């Protein structure tokens with residue numbers, strides 16, 4: 001089947017129900033997207049599909065044929081994604097970093113849909129788990145991004 | 001004078017009492033007739049083709065689901081079934097002569113399977129679905145016997161005694177129960193219906209014993225109907241902590257929106273665009289329905305679609321209403337839905353058919369009984385193995401992650417979004433099922449009847 005990932009077209013030989021995450025990591029070698037729980041609970045595997053954040057460990061690959069997938073590898077090619085990453089660096093959000101590619105994807109998806117999200121909207125969207133407990137740093141980064149939302 | 005009149009009256013009364021007691025004793029210990037009374041089959045002479053056919057009948061009947069334990073030898077028994085009176089255990093039905101059924105004649109076997117009577121005239125608990133197996137044809141019983149005698153490896157494993165205390169453990173009253181509730185005749189084809197319909201009816205009512213879970217039960221725990229002549233037949237029932245949905249043509253809680261092809265797909269692959277197998281059906285799928293031939297599955301689908309629905313019981317027809325859970329964050333439960341459920345089931349409730357089932361229009365979201373929705377949220381789904389391949393996606397258990405209140409709220413949200421009209425779920429109901437389905441609980445009170 002033919003997949004569009006990060007503005008490139010890939011030919012992939014996979015069963016229809018293969019999780020998108022396995023195709024991205026194992027078949028295509030893009031390992032920036034992480035495997036966490038495999039049950040859509042932690043968010044480490046978050047990628048964008050047509051601009052919406054999805055958990056690629058529970059996304060059958062057949063469902064994204066004909067759609068535009070974005071992974072952490074190309075997030076800085078996106079204006080909003082670039083701002084998110086640079087704010088993440090400024091505030092040194094990451095600790096071990098394992099969950100952070102997923103956090104960045106979730107943040108980018110939110111800000112693309114809503115440049116000035118309210119506290120409640122941030123709380124509802126930023127639900128990925130972080131074992132290091134970087135939630136305060138993520139919260140601070142999101143506020144900074146939301147405050148500059150109109151820029 | 002008075003005394004002798006009393007004695008005479010008592011004497012006259014004693015006669016009918018004794019006669020009645022004698023008749024009762026005869027009735028509850030008698031051996032039902034079997035057409036195989038004088039058939040003696042030597043195991044060595046059994047034709048392998050008959051064994052193969054019997055194996056298929058065993059698949060249709062899903063014997064292995066109850067007569068085995070996970071990791072144990074097939075058909076060696078041991079599965080605990082908790083009843084309110086105490087636990088009973090499925091028995092060893094391998095051909096071991098000491099602990100199994102190796103010493104059964106064909107007639108003994110027939111009486112156990114179709115009449116619920118063991119060779120010592122002991123009555124079987126109707127956890128063994130003999131009210132359904134009574135419909136099996138003589139040919140299928142003979143084939144089944146051939147399979148168990150020659151196709152199954154004997155296993156020496158003693159049966160576990162039931163934990164039901166005396167006098168509740170007396171078996172003879174079951175004979176009276178059977179006399180009232182069991183129609184002990186093999187299936188008779190309806191001449192007004194075509195061959196496919198009759199084959200479907202035979203499979204659904206007999207070997208498939210679909211009604212054991214899907215037909216509501218009466219006060220005596222009897223299925224309220226054993227075939228299509230009764231409106232409650234396969235009309236949906238609460239059992240074992242799950243709501244087994246209607247298999248009739250009900251728009252909301254039954255198969256009204258399913259085509260015959262989709263029913264076949266569900267039974268063969270475990271999934272279709274409407275639903276994915278879960279709960280007790282997982283065992284029926286893993287061990288039984290996927291092994292049925294396409295012709296048999298088609299016949300089953302054809303028969304089920306002939307059972308009319310009941311709009312009065314089923315309620316107003318569900319219609320999809322487009323709304324995103326993300327736009328309803330003020331509603332209790334919506335936030336939990338967005339964070340815990342939406343990745344698979346979608347903000348729009350449409351799921352990712354046929355891998356992740358839709359919740360919009362799902363039976364568990366439309367049925368009055370919320371047990372299935374609560375149970376699967378607490379305990380997740382069992383592994384579905386289709387054609388030897390385990391499923392890629394499974395419902396996770398939220399028992400340790402969400403409180404009773406959180407589960408009640410998210411399910412109430414799910415059962416009222418996208419046009420769904422299931423009733424609200426209260427935290428108490430969640431707490432109750434949490435306790436009853438707790439694997440660590442010492443007092444499970446749910447009857448496992450599969």
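Of all residues in the range B:368-420, those being surrounded by fewer than 17 Cβ atoms within 10 Å (Cβ to Cβ) and under 19 Å from residue B:284 (Cα atoms) number 8. Within the range B:112-132, the set of residues being surrounded by fewer than 23 Cβ atoms within 10 Å (Cβ to Cβ), touching a residue at least 60 places away in the same chain (Cβ under 8 Å) and outside any loop (DSSP other than H, G, I, E, B) comprises B:115, B:123.
Those helices (runs of 4 or more DSSP H) of the range A:92-148 in which 3 or more residues are more than 14 Å from chain B (Cβ to nearest Cβ) occupy A:100-113, A:135-147. Consider residue B:37 carefully, then state whether it is outside any helix (DSSP H, G or I) and in contact with a strand residue (DSSP E or B) (Cβ under 8 Å, 6 or more places away or on another chain). Against the criterion (outside any helix (DSSP H, G or I) and in contact with a strand residue (DSSP E or B) (Cβ under 8 Å, 6 or more places away or on another chain)), residue B:37 does not qualify. As for the range B:141-162, it holds at least one residue that is surrounded by 16 or more Cβ atoms within 10 Å (Cβ to Cβ), touching a helix residue (DSSP H, G or I) at 6+ places or on another chain (Cβ under 9 Å), assigned to a loop (DSSP other than H, G, I, E, B) and modelled with pLDDT of 95 or more. Selection of the range B:218-251 for residues being surrounded by fewer than 18 Cβ atoms within 10 Å (Cβ to Cβ) and not in a loop (DSSP other than H, G, I, E, B) yields only B:238.
For residues that are surrounded by fewer than 16 Cβ atoms within 10 Å (Cβ to Cβ) and either assigned to a loop (DSSP other than H, G, I, E, B) or within 14 Å of chain B (Cβ to nearest Cβ) (or both), tally how many sit in the range A:75-90. Break it down into steps so the answer makes sense when it comes.
If we filter the range A:75-90 for residues that are surrounded by fewer than 16 Cβ atoms within 10 Å (Cβ to Cβ), which is where we start, we get A:76-77, A:79, A:82, A:86, A:89-90.
Now restrict to residues that are either assigned to a loop (DSSP other than H, G, I, E, B) or within 14 Å of chain B (Cβ to nearest Cβ) (or both): none.
Matching residues across the range A:75-90 total 0.
Taking the stated definitions as given, is residue A:121 out of contact with any strand residue (DSSP E or B) (no Cβ under 6 Å at 6 or more places or on another chain) and either within 18 Å of residue A:85 (Cβ to Cβ) or at pLDDT 95 or above (or both)? In short, no. Among residues of the range A:29-68 being surrounded by fewer than 17 Cβ atoms within 10 Å (Cβ to Cβ) and within 10 Å of chain B (Cβ to nearest Cβ), the one that is farthest from residue A:100 (Cα to Cα) is A:62.
The set of residues in the range B:239-250 that are touching a helix residue (DSSP H, G or I) at 6+ places or on another chain (Cβ under 6 Å) and at negative phi comprises B:239, B:242, B:243, B:244, B:245, B:247, B:250.
Scan the range B:16-34 residue by residue and report those that are surrounded by 10 or more Cβ atoms within 10 Å (Cβ to Cβ) and not in a loop (DSSP other than H, G, I, E, B). Break it down into steps so the answer makes sense when it comes.
Kept after step one, since they are surrounded by 10 or more Cβ atoms within 10 Å (Cβ to Cβ), are these residues of the range B:16-34: B:17-25, B:27-34.
If the condition is that a residue be surrounded by 10 or more Cβ atoms within 10 Å (Cβ to Cβ) and not in a loop (DSSP other than H, G, I, E, B), then B:17, B:18, B:19, B:20, B:21, B:22, B:23, B:24, B:25, B:27, B:28, B:29 are the ones that fit.
The values are calculated or read from the model by the stated rules, or taken from the named source; none is laboratory data. Fair warning: this is a prediction, and the values are worked out from it, not measured in the lab. Cβ coordinates were reconstructed from backbone atoms using ideal geometry, including for glycine residues, and neighbour counts include every protein chain displayed.
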